[in-house]
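The values are calculated or read from the model by the stated rules, or taken from the named source; none is laboratory data. Not measured: the values here are computed from a predicted model. Ideal geometry is used to build each Cβ from the backbone, glycine not excepted, and the neighbour counts take in all protein chains shown. Ligands, DNA and RNA are excluded from the accessible area calculation, which covers all protein heavy atoms including side chains. Shrake-Rupley method; radii C 1.70, N 1.55, O 1.52, S 1.80 Å.
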Amino acid sequence: SSGINAEYGLPGVAVPVAFPGGECGEIREAFSLPSSFKLVPYRTDKCDNEGRLITPHTSVPGVRRSDVYTVFGDYCYHHYMQDKFNDNGWGCAYRSLQTLCSWYLYNGYATTPVPSHSQIQQILVDLGDKADKFVGSKQWIGSVEVGMVLQEWLSKNGTTAEHRIQFVSSGEDMAMKGGLLSHHFRTQGTPVMIGGGVLAHTILGVSYDTVTGDTKFLILDPHYTGKEDIATIIKEGWCAWKTDNFWVKTAHYNMCMPQRPA
């Protein structure tokens with residue numbers, strides 16, 4: 001049968017592949033991918049309909065090294081001040097959650113739009129986690145709430161997906177989470193939301209040396225307030241590699257680690 005040529009995002013990197021008759025079995029076997037990994041066409045557009053950047057970490061130097069494990073597939077970079085909405089100073093976890101939701105949307109596990117801040121708040125009220133007055137407020141949310149909303153939003157999309165909350169007792173201990181995170185990106189491939197102190201970030205990957213344990217973290221920062229300019233975002237470190245010194249030593253952290261639907 002005739003070959004069908006397409007580009008697919010395979011372990012964090014866009015690779016041109018061809019499969020006969022639309023079959024994906026050979027691709028899964030070649031890359032040792034479980035059947036739960038959906039193969040969706042790699043996006044060639046760099047922005048969504050609202051101008052948000054798509055999968056900006058592919059422009060970060062060093063993401064294609066052999067010791068690097070990154071998110072599998074596309075997502076959208078959500079950050080402060082988008083959607084003509086001022087959440088500067090309180091909405092970082094909401095934006096990280098939106099990035100997580102966009103991953104499920106772009107990778108074929110959801111069909112409804114990424115939820116807004118008020119929709120996120122309403123979900124938490126409907127779940128009984130917050131009082132009615134929470135909707136429309138500027139109250140922060142954390143990793144636990146992010147996991148609750150993500151799971152509920154996915155269920156409304158007909159998708160069942162669990163999430164794991166990983167407690168880290170201090171920022172200093174993040175240096176020892178390279179193995180955990182590399183395993184997550186190899187087996188799940190989803191972005192990770194992390195909250196600690198008063199800040200939230202999104203982890204898109206790790207550089208992990210299995211011999212020395214040295215770890216660097218590929219961070220997408222939702223606190224950015226500027227224009228959707230990839231050169232500025234990369235140059236100023238809003239999407240960049242960070243060492244373990246990035247984490248506040250005295251703060252404890254919770255990571256929301258979404259699981260890929262079975």
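Listed by position, the strands (runs of 3 or more DSSP E) inside region 201-262 whose residues that are open to solvent by less than 30 Å² (accessible area, probe 1.4 Å), farther than 26 Å from Leu154 by Cβ and among the β-branched types (Val, Ile, Thr) number at least 3 form an empty set. Considering region 93-109, the residues that are among the hydrophobic types (A, V, I, L, M, F, W, C) and open to solvent by less than 10 Å² (accessible area, probe 1.4 Å) include one that is nearest to Ser155 (Cα to Cα), namely Cys101.
With the requirement that a residue be assigned to a helix (DSSP H, G or I), under 13 Å from Gly91 (Cα atoms) and either open to solvent by less than 30 Å² (accessible area, probe 1.4 Å) or touching a Lys or Arg at 6+ places or on another chain (Cβ under 7 Å) (or both), what does region 114-139 give you? Scanning region 114-139 gives His117, Ile120, Gln121. When Thr111 is tested against (1) farther than 22 Å from Asp83 by Cβ; (2) not in a helix (DSSP H, G or I), only condition (1) is not met.
Within region 156-200, the set of residues being in a strand (DSSP E or B) and among the aliphatic types (A, V, I, L, M) comprises Ile165, Val168, Val192, Met193, Ile194, Leu199, Ala200. The C-beta contact set for region 173-185 (first residue over 11 Å from Val71 (Cα atoms), second residue acidic (Asp, Glu) and open to solvent by 40 Å² or more (accessible area, probe 1.4 Å), distance under 7 angstrom, 6+ apart or interchain) comprises Met174/Asp244; Ala175/Asp244. Pairs are defined by a Cβ separation below 6 Å, a sequence spacing of at least 6 or placement on different chains, a first member in region 84-111 that is more than 12 Å from Pro191 (Cα to Cα), and a second member that is aromatic (Phe, Trp, Tyr) and assigned to a helix (DSSP H, G or I); the pairs so defined are Ala110/Tyr104.
Does Ser143 satisfy being touching a Ser or Thr at 6+ places or on another chain (Cβ under 7 Å), of a type in the set (S, T, N, Q) and either within 22 Å of His223 (Cβ to Cβ) or surrounded by fewer than 17 Cβ atoms within 10 Å (Cβ to Cβ) (or both)?
no
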